[in-house]
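Down below is the structure, laid out as structure tokens.
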Amino acid sequence: MTTDSIPISVRGLVKTFGRTRALDGLDLTVREGEVHGFLGPNGAGKSTTIRVLLGMLRADEGTARLLGGDPWHDATELHRRLAYVPGDVTLWPNLSGGEVIDLLGRMRGGTDQRRKAELLERFELDPRKKGRAYSKGNRQKVGLVAALSSGAELLILDEPTSGLDPLMEEVFQECVREERDRGRTVLLSSHILSEVEALCDRVTIIRNGAAVETGTLADLRHLTRTSIDAELARSPGGLADLPGVHDLRVDGGRVRCEIDTTRLDGVLRLLADGGVQSLSIRPPTLEELFLRHYKDDLAAEEAAHAAASADREGRAS
Amino acid sequence: MTALAGTGGMIRLILRRDRFLMPAWMLVAVLIPVNFVAATDKLYPTAAERLKYANTSGTNATFLALYGPLFDSGLGSIVAQRSGFIPVVLGLIASLTVVRHTRTEEEAGRRELLGATIMGRGAALAAALAVTCAAGLVIAALLTAGMAAQGLPLAGSLAFGLELGLAVCVFAAVAGVAAQLTEGAGAARGLSVAALGAAFTVRLAADVGGAGNGLSWLGWLSPLGWLQRIRPYAGERWWVLAMVVALSAALVAAAAALSARRDVGAGIMAPRLGPPDASPRLNGAFGLGWRLQSRALYGWLAGFAALGLVYGGVAGSVEQLVDDNPDLREIFTKLGGESAIVDAYFASVMSMLGLFAAAYAVSATLRLRAEESGQRAEPLLATPVGRLRWAASHLVFTLLGSAAVLAAGGLMAGFAHGVDDGDPGREVPRVLGAAMAQLPAVWLVAAVAMAIYGLAPRYSAAGWAVVAVAGVITLFGTSLDLAQIVLDVSPFTHVPKLPGHDFSATPLLWLLAVTAALGAAGLAGFRRRDLALG
């Protein structure tokens with residue numbers, strides 16, 4: 001695979017605003033034809049990355065390639081081939097939603113009126129209302145209809161469903177699947193983990209401006225722990241000594257623990273020897289995955305704080 | 001009064017947000033007239049010289065049109081007349097302030113955030129009016145002290161202070177009503193400015209023919225006319241104050257009643273649905289630029305045409321004044337005959353038009369900033385529209401729109417004067433040419449605004465300061481006795497005094513060269529910088 005066929009390829013991207021380091025050596029690769037989830041807490045740098053990719057912001061260091069071009073220098077050319085929905089669609093107060101959809105479509109080289117009508121119906125959007133009369137969710141719909149009716153080969157969606165109700169979220173997911181089936185590539189930045197789990201082939205999790213995990217959901221699950229809750233005939237021996245077992249709680253015949261997914265095989269064997277009466281195994285949810293990265297971060301911060309204050313106390317005495 | 005619950009908190013919020021802006025304009029409004037006293041005293045130290053001034057400049061049509069009547073030849077009266085345009089400026093600032101703290105907040109949705117706290121539905125309006133009117137009263141108090149401190153009578157000083165201070169209150173109340181009528185802040189600003197413009201035009205028509213002319217009764221139809229008819233330093237008529245206060249109170253009551261009847265976010269005038277599809281003309285950056293800017297341009301064109309008609313229609317009475325006044329006739333005969341005074345009048349009036357056109361040009365330019373910081377530029381720039389093309393879609397209004405408004409003003413002025421003296425074929429091109437000669441100076445002001453926007457977007461609003469500085473220098477420069485080097489700061493100082501004087505292209509070419517350099521710097525900066533987002 002040459003780099004030209006990779007829609008988005010970002011290496012070591014750095015972007016600072018004054019003293020804040022919004023992006024700190026970010027890597028991101030989005031392959032052709034995939035729906036790529038882009039996850040991270042608020043302020044992690046998701047929107048900054050997207051704005052660098054759109055040529056709105058200029059990167060300080062690192063390389064970014066978009067559809068085989070440079071997102072800053074070739075912005076105009078590249079924008080012919082992509083459509084973008086911001087997380088907060090703002091409309092001109094005196095233009096109707098339909099006018100904005102047509103305007104953005106024409107600027108990208110023409111609107112497909114049939115597709116537009118179909119999307120308006122599916123999203124239940126009245127295109128005659130003026131920009132200031134739309135609610136937050138309806139403004140997002142205007143942005144989504146404009147982008148989805150464009151026929152662009154790359155869709156960049158920055159938390160596109162904020163403000164949409166669950167029914168519309170459903171419609172959105174259908175639309176994204178259809179786009180993928182047409183062979184389009186989607187970068188989907190999102191907070192809604194169920195949405196990412198439902199749609200994305202691969203995900204990248206970022207924190208403090210750097211990617212901390214990237215891969216397929218299966219890959220990521222593999223890296224993390226599976227919960228086991230078992231009822232055994234006999235109290236199991238040696239479970240605590242197995243590598244990869246965490247948070248072991250034994251209460252008579254009831255065993256609960258977290259296991260590194262790679263060590264599942266050995267644990268199950270041991271449990272089977274104990275005479276399994278009931279067993280539930282739950283793979284990690286994306287939420288747990290996400291929270292673990294989040295919590296590690298908090299733990300690290302707390303440790304740093306503790307060390308710093310211990311240091312201060314040490315000097316004071 | 002639960003409707004006013006939370007007003008105190010809103011007042012503190014407004015004071016916090018306007019902590020620099022409000023003291024700044026208040027101070028300028030006080031300092032200009034206070035400085036006029038010393039400057040006028042220096043220019044006309046004796047009673048005889050002041051009487052001569054009162055019979056010549058003080059009653060010429062330009063002064064009457066712009067500043068209103070001169071009631072007496074005393075120092076105080078002369079200063080009061082020369083300050084006659086300040087109530088208009090204060091009225092404008094007061095309107096914009098009130099709309100900014102009421103309808104703009106509502107349109108942006110911030111009002112809703114506060115409305116969910118313990119805040120009555122009338123609190124935002126009450127707070128905006130209270131703060132703005134209080135600013136007017138502080139101006140009145142400071143002016144009273146400042147004028148009286150320079151030896152002018154206390155009663156007159158108080159009347160003068162209230163003339164300026166109450167202008168703030170009346171037009172704050174007008175804007176309070178306008179802010180209830182429309183959903184959009186832009187439309188509310190437009191309504192307020194239109195009301196101010198109408199009040200000014202009516203007052204101008206009443207006063208331009210001099211004391212006792214057949215139209216002077218019109219002055220009683222305009223709040224700006226009332227304010228001047230308080231007659232500070234010339235037999236104060238205190239009862240006129242009661243009229244001004246009563247009108248303000250009535251407008252405030254109307255605004256409060258309207259505000260109580262409507263929903264938050266809605267206007268009294270219901271919004272209409274728009275078309276479901278865009279017309280073929282809305283087909284790209286320029287189509288959108290036209291859609292966003294054309295309505296304002298039509299408004300400015302109408303305003304310039306009306307102003308041109310008035311300026312041109314009045315020019316004849318300037319000649320008449322010369323005929324009636326032997327002193328003046330002598331002066332202008334020396335200068336080159338009667339036509340010289342009309343030419344001088346047009347030259348000064350055209351630099352006024354130039355200033356207004358500069359205000360238009362800056363507003364058209366700063367639309368870029370509003371679109372960018374309102375995050376409406378981002379989705380456009382994510383399409384194949386490049387930054388320069390997007391900027392050009394607005395700057396075309398800066399350049400051609402300002403030319404169009406000047407042409408409208410110049411054409412109408414030349415036409416009205418031509419019809420009046422029976423020779424439109426001669427007057428139209430002369431006056432139109434004088435109007436168009438302002439264009440390079442207008443563009444230069446806009447180019448400064450563009451340079452600030454491109455290089456330091458956070459300070460874009462400083463573009464208005466450029467208009468204000470050029471305005472103060474052009475309108476008040478000579479009466480404030482400013483040094484030439486200060487006068488030279490305003491690009492309008494360098495525009496040849498047309499009609500009448502020889503046309504020389506050199507200064508205009510210099511202005512154009514500086515404009516091109518600043519504009520190019522601004523565009524280059526804009527192309528290179530990060531988009532300012534949220």
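List of remarks:
- Oblate is the label for chain B. Its Cα gyration tensor axes, ordered a ≥ b ≥ c, give a/c of at least 1.5 and b/c at or above a/b.
- Hull-based mean projected area of the stretch A:225-282, where the convex hull spans the alpha carbons, in square nanometres: 3.2 nm²
- About the centre of its Cα atoms, chain B shows a dipole size close to 1860 debye [charges on the beta carbon of Lys, Arg (+1) and Asp, Glu (-1) only; nearest 20 debye].
- At 0.890 mPa s and 25 °C, Stokes D of the stretch B:419-534 from Kirkwood alpha-carbon radius, µm² per second: 153 µm²/s
- Counting only Cα atoms, the stretch A:129-214 measures 43, 31, 22 Å along its principal axes, largest extent leading.
- Among the listed pairs A:LYS116/A:LYS136; A:LYS15/A:LYS116; A:LYS46/A:LYS141, those beyond 31 Å (Cα-Cα): A:LYS15/A:LYS116
- If only the Cβ of Lys and Arg carry +1 and only the Cβ of Asp and Glu carry -1, the dipole of the stretch B:1-72 around its Cα centre is close to 360 debye.
- Using C-alpha pairs below 8 Å separated by at least 6 residues, the relative contact order for chain B is 14 percent.
- Under 5 Å, built H, 5+ apart or other chain: amide partners of B:GLU183: B:GLY267
- For the protein assembly as shown: span of alpha carbons on each principal axis (Å, largest first): 125, 58, 57
- Based on C-alpha pairs under 8 angstrom that are at least 6 apart in sequence, chain A has a relative contact order of 18 percent.
- Short-range pairs are left out: with C-alpha atoms under 8 Å and at least six residues apart, the relative contact order of the stretch A:225-282 is 52 percent.
- Distribution of pairwise C-alpha distances over chain A, 20 Å bins, in %: 27, 46, 23, 3
- Using a 1.4 angstrom probe on protein heavy atoms only, the contact between A and B buries about 3400 square angstrom of accessible area, both sides summed.
- Burial annotation for the stretch B:276-292: residues with an accessible-area loss of at least 50 Å² between the isolated chain and the complete set of protein chains, computed on heavy atoms with a 1.4 Å probe, are B:PRO276, B:ALA278, B:LEU282, B:ARG291.
- Candidate aspartates and glutamates for bridging to B:LYS42, where Cα separation is under 20 Å - those fewer than 8 sequence places away on the same chain excluded: B:ASP72, B:ASP481
- List of the stretch A:123-162 residues, accessible area with partners at least 40 Å² below that of the chain alone (1.4 Å probe): A:ARG128, A:LYS130, A:ARG132
- Cα shape, the stretch B:460-512, gyration tensor, a/c 1.5 rule: oblate
- The stretch A:225-282, dipole about Cα centre (Lys/Arg Cβ +1, Asp/Glu Cβ -1), debye to the nearest 20: 80 debye
- Within chain A, longest stretch clear of exposed trypsin sites (Lys or Arg not before Pro) (DSSP loop, no more than 10 other Cβ within 10 Å): A:20-181
- What the stretch A:225-282 shows is 58 Å² of accessible area per residue, with the surface traced by a 1.4 Å probe over protein heavy atoms.
- Three semi-axes of the equivalent ellipsoid, the stretch B:282-534, Cα gyration tensor, whole Å, largest first: 38, 20, 13
- Candidate aspartates and glutamates for bridging to A:LYS130, where Cα separation is under 19 Å - those fewer than 8 sequence places away on the same chain excluded: A:ASP88, A:GLU99, A:ASP102, A:GLU121, B:GLU105, B:GLU106, B:GLU107, B:GLU183, B:ASP263, B:ASP277, B:GLU371
- Calculated from backbone phi, Karplus (6.51, -1.76, 1.60) coupling profile of the stretch B:404-418 in Hz, x at Gly/Pro: 5, 5, 4, 4, 4, x, x, 4, 5, 5, x, 5, 4, 5, x
- Ligands, DNA and RNA left out, the 1.4 Å accessible surface of chain A is 47% carbon and sulfur atoms.
The values are calculated or read from the model by the stated rules, or taken from the named source; none is laboratory data. What you are looking at is a predicted structure, and each value in this text was computed from that prediction instead of being measured. All Cβ positions, glycine included, derive from the backbone under ideal geometry; neighbour counts span all protein chains shown. Heavy atoms of the whole protein, side chains included, go into the accessibility calculation; ligands, DNA and RNA do not. Shrake-Rupley method; radii C 1.70, N 1.55, O 1.52, S 1.80 Å.
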